[in-house]
1. Within the stretch 36-77, which residues are within 20 Å of ALA220 (Cα to Cα), touching a strand residue (DSSP E or B) at 6+ places or on another chain (Cβ under 8 Å) and not in a loop (DSSP other than H, G, I, E, B)?
2. Taking the residues in the stretch 355-390 that are in a strand (DSSP E or B) and of a type in the set (A, V, I, L, M, F, W, C) as candidates, determine which candidate is nearest to ALA295 (Cα to Cα).
3. Please specify each residue of the stretch 341-374 satisfying the condition of being closer than 22 Å to THR38 by Cβ and aliphatic (A, V, I, L, M).
4. Within the set of pairs 6+ apart or on separate chains, which have a first residue in the stretch 376-387 that is of a type in the set (S, T, N, Q), a second that is in a strand (DSSP E or B), and C-beta atoms under 6 Å apart?
5. Checking the structure you have, find out if any residue of the stretch 422-435 is buried (at least 22 other Cβ atoms within 10 Å of the Cβ) and touching a Lys or Arg at 6+ places or on another chain (Cβ under 9 Å).
6. Out of the residues in the stretch 390-400 that are among the hydrophobic types (A, V, I, L, M, F, W, C) and in contact with a Leu (Cβ under 7 Å, 6 or more places away or on another chain), which is surrounded by the fewest Cβ atoms within 10 Å (Cβ to Cβ)?
7. Counting just the residues of the stretch 203-261 that are of a type in the set (Ser, Thr, Tyr) and not in a helix (DSSP H, G or I), which one comes out surrounded by the fewest Cβ atoms within 10 Å (Cβ to Cβ)?
8. Can you confirm whether ARG343 is of a type outside the set (Ser, Thr, Tyr), under 14 Å from GLY290 (Cβ atoms) and surrounded by fewer than 17 Cβ atoms within 10 Å (Cβ to Cβ)?
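The values are calculated or read from the model by the stated rules, or taken from the named source; none is laboratory data. Not measured: the values here are computed from a predicted model. FYI the Cβ positions are ideal-geometry reconstructions off the backbone, even for glycines, and counts take in every protein chain you see.
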Amino acid sequence: MGNSFQVQDRFADGAQYIGGRLRSGTSGHSHEVVDPATGDTVYTYEAAGTADVDAAVEAAREAFPGWSGATPAERSEAMNRFAAVLAEQADDFAYAESLQCGKPLKLSTEFDVPGTVDNTSFFAGAARHLEGKSAAEYDGDHTSYVRREAIGVIGSIAPWNYPLQMAAWKVLPAIAAGNTIVLKPAEITPLTSLMFAQAATEAGIPDGVINIVTGVGKEAGEHLVGHPDVVMTSFTGSTAVGKRVAEIATSTVKRLHLELGGKAPFVVFDDADLEAAVNGAVAGSLINTGQDCTAATRAYVQRPLHDAFVQGVAALMETVRLGDPFDPKTDLGPLISHAQRDRVAGFVERARAYATVVTGGEAPGGELAEGAYYRPTLIAGAAQDSEIVQAEIFGPVLIVLPFDTDDEGIALANDTPYGLAASAWTRDLYRANRATREIKAGCVWINDHIPIISEMPHGGYKASGFGKDMSSYSFEEYTQVKHVMYDNTAVARKDWHRTIFGDR
């Protein structure tokens, strides 16, 4: 693997995938993919312009009748072949994902790639199970049933933190339901999205069903969202950008699915297994170097366990190994860019004025100095209304705050604009059930934090957006529900006609 994967050669024809082939962009602006572990440029390409978006949407529009007209079994068979191709190319996908994102190879190999293969297999099966109400005679004189129909060309925008998985989350439910799609990946991490589309073609999914346009948001992204032939937009990213996407989509009366920011609470009650909570907090806050909208960011610990929890988390964080993403011993890779590292560092530096940095809070020197690395950071003593508690940092930073009563712990957990994910740690069934009822988040884990599965939905409350990724619930976003009603009486003059003309 490794050096045998030559990015510039593999994508020599360009970073746009339209109608089943790679092509160059037409924006007139070049862009670079940079390895965040070294700062080295690994790929240079011409970004997409509006003409490329138009071409991709046209390719998707032309492919729609054939793909939506295929039987569910035919779409399922093609997607099963797609999963098999992804599995065969797993090593290349893992390498490319780590190269463009700085993820430790063990994370790409054990999480990102197998998760994507599983997601593809799930939607291959789900394609044959689009559900509606059973046919019935609800008024006695008519038979009604519900059809679920594909809606058309989808225009989706994916983020840079999980490029492969986010491409899958956007593409798979859309095409399983019979739609076609144009996906705009983040311009800094397009490699695995392009490979994903190529694998689909290799598996026999028709040209034009999956198209990729790689460009900047102001040009390619906004044009895609506002395109008159795009009937729905699915966006994952920051709440601020999500508001702009919503503004554009609303002006053209599009369907809209938003998965936005998060500030996940990690609530530890005083009867929790302390060792489990400490391990869960470190893993849950540092996954993907903290660049995860469901990552544990705010640990609320009931006062009897607070000090021991802080000591335990700090000690465990200090054992986490930063290093070369391709070294199997590396636990934590760099942030996505030096700009993101500096943004995270800014939050921590400002917090020093009102809180205590227990461990971390700095970029490492030595051989890691050229990369966008930042040490795992634990902060204590911040106020609930402080910036470090309320704002999404998107880095390897965990804030710990104490609470006294159960009421207070749940209230604090809900006290941010976000509501994507949360966890509660307790041995008490009643406490656990209360937490799942009262914490306002799209996912609440009990005694764990982060696991996701293809069969269950992912999406948030409040400023974390609306709509669902993964699971059969995602079909609500990508299908049109149509009521069909048949008259069973064969009577020309219906009884209800008297309300319009004549008497009974």
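1. Residues satisfying the conditions are TYR43, THR44, TYR45, GLU46, ASP52, VAL53, ALA55, ALA56, VAL57, ALA59, ALA60, ARG61.
2. Filtering the stretch 355-390 down to residues in a strand (DSSP E or B) leaves 356-359, 377-380.
Next cut, of a type in the set (A, V, I, L, M, F, W, C) only: 357-358, 378-380.
Values: VAL357: 19, VAL358: 19, LEU378: 14, ILE379: 16, ALA380: 18 Å.
Once the filter is applied, the top-ranked residue is LEU378.
3. VAL344, ALA345, ALA363, LEU368, ALA369, ALA372
4. Qualifying pairs under 6 Å: THR377/VAL397.
5. Yes, some residue in the stretch 422-435 is buried (at least 22 other Cβ atoms within 10 Å of the Cβ) and touching a Lys or Arg at 6+ places or on another chain (Cβ under 9 Å).
6. The selected residue is VAL400.
7. THR252
8. Spelling it out, ARG343 is indeed of a type outside the set (Ser, Thr, Tyr), under 14 Å from GLY290 (Cβ atoms) and surrounded by fewer than 17 Cβ atoms within 10 Å (Cβ to Cβ).
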